[in-house]
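The values are calculated or read from the model by the stated rules, or taken from the named source; none is laboratory data. What you see is a predicted model; the values in this text were computed from it and never measured. FYI the Cβ positions are ideal-geometry reconstructions off the backbone, even for glycines, and counts take in every protein chain you see. We work out accessible area using only protein heavy atoms, side chains counted, and drop any ligands, DNA or RNA first. Shrake-Rupley method; radii C 1.70, N 1.55, O 1.52, S 1.80 Å.
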Amino acid sequence: MDANDVSGELASLHYTGAEVQARVKEIAAQIDADYEGRRLLLVGVLSGAVMIMADLSRAMKSHCEMDWMAISSYGAGTQSSGVVRILKDLNTNIEGRDVLVVEDIIDTGLTLAYLIQNLQSRKPASLEIMTMFRKPEALSSSVKVRYVGFDLPNEFVVGYGLDYAGRYRNLTDVGTLAPHVYS
Ligand code: PRP
């Protein structure tokens, strides 16, 4: 679905599907160049990263392998607590591997801070992060992000993997949800 299909449910549009795809292609080309001659493992964080993982990996011109983690953030409400439980671990032993974590969004950065610490303890050859979207608070996080698609305002944004109550992940455009949808 695109923004026309849910026009009454969005307060504003930030990026069209075409803009997202163009940016994904640029990042894929950068990754191709940066990892030339290396054996890259992309690690997607379920569920939001499904869209970016599928598009990023297919926009790349070189080989990559893919694996997935599912994590759950402890704590009440919609804010990350930074305490994370692994619901599904990697199938791959990442010791000595070049690993690129693929995320849909970094908000507080707490989830990723935990994840990176956890993955680093498994002694990968390299560990970098790609996120399609980044919220303002993430800028003050200690986690260093190598590839960023777009910055977003601190609003309730949905689309391209970002959900509200499990919906809108399949929206190709990216926009702020209208308050009447969630209030
Ligand atoms: C999102 C996103 C990150 C996390 C970022 O996942 O995919 O994992 O939130 O938030 P933070 O930077 O504040 O820690 P979410 O828990 O919403 O699960 P989902 O991917 O299944 O939507």
- Looking only at region 58-82, count how many residues are part of a strand (DSSP E or B) and either more than 12 Å from the ligand (Cβ to nearest atom) or at pLDDT below 95 (or both). 6
- Qualifying positions in region 110-129 - surrounded by fewer than 14 Cβ atoms within 10 Å (Cβ to Cβ) and either within 11 Å of the ligand (Cβ to nearest atom) or in a helix (DSSP H, G or I) (or both): Gln117, Gln120
- Query: When residues of region 158-183 are filtered for being small (Gly, Ala, Ser), more than 13 Å from the chain's Cα centre (by Cα) and within 12 Å of the ligand (Cβ to nearest atom), how many remain?
  - Reply: 2
- Answer yes if at least one residue in region 156-165 is open to solvent by 40 Å² or more (accessible area, probe 1.4 Å), within 17 Å of Leu13 (Cα to Cα) and assigned to a loop (DSSP other than H, G, I, E, B), and no otherwise. yes
- Any chance you could count how many residues in region 83-109 are over 29 Å from Gln21 (Cα atoms), surrounded by fewer than 15 Cβ atoms within 10 Å (Cβ to Cβ) and within 12 Å of the ligand (Cβ to nearest atom)? 3
- Of everything in region 147-157 that's free of Cβ contacts under 8 Å to residues at least 60 places away in the same chain and within 13 Å of the chain's Cα centre (by Cα), which residue is farthest from His180 (Cα to Cα)? Val148
- Filter region 18-51 down to residues that are within 16 Å of the ligand (Cβ to nearest atom) and small (Gly, Ala, Ser) and give me whichever is surrounded by the fewest Cβ atoms within 10 Å (Cβ to Cβ). Ser47
- Query: Where residues in region 130-152 are under 15 Å from Leu115 (Cβ atoms) and part of a strand (DSSP E or B), which of them is farthest from the ligand (Cβ to nearest atom)?
  - Reply: Met130
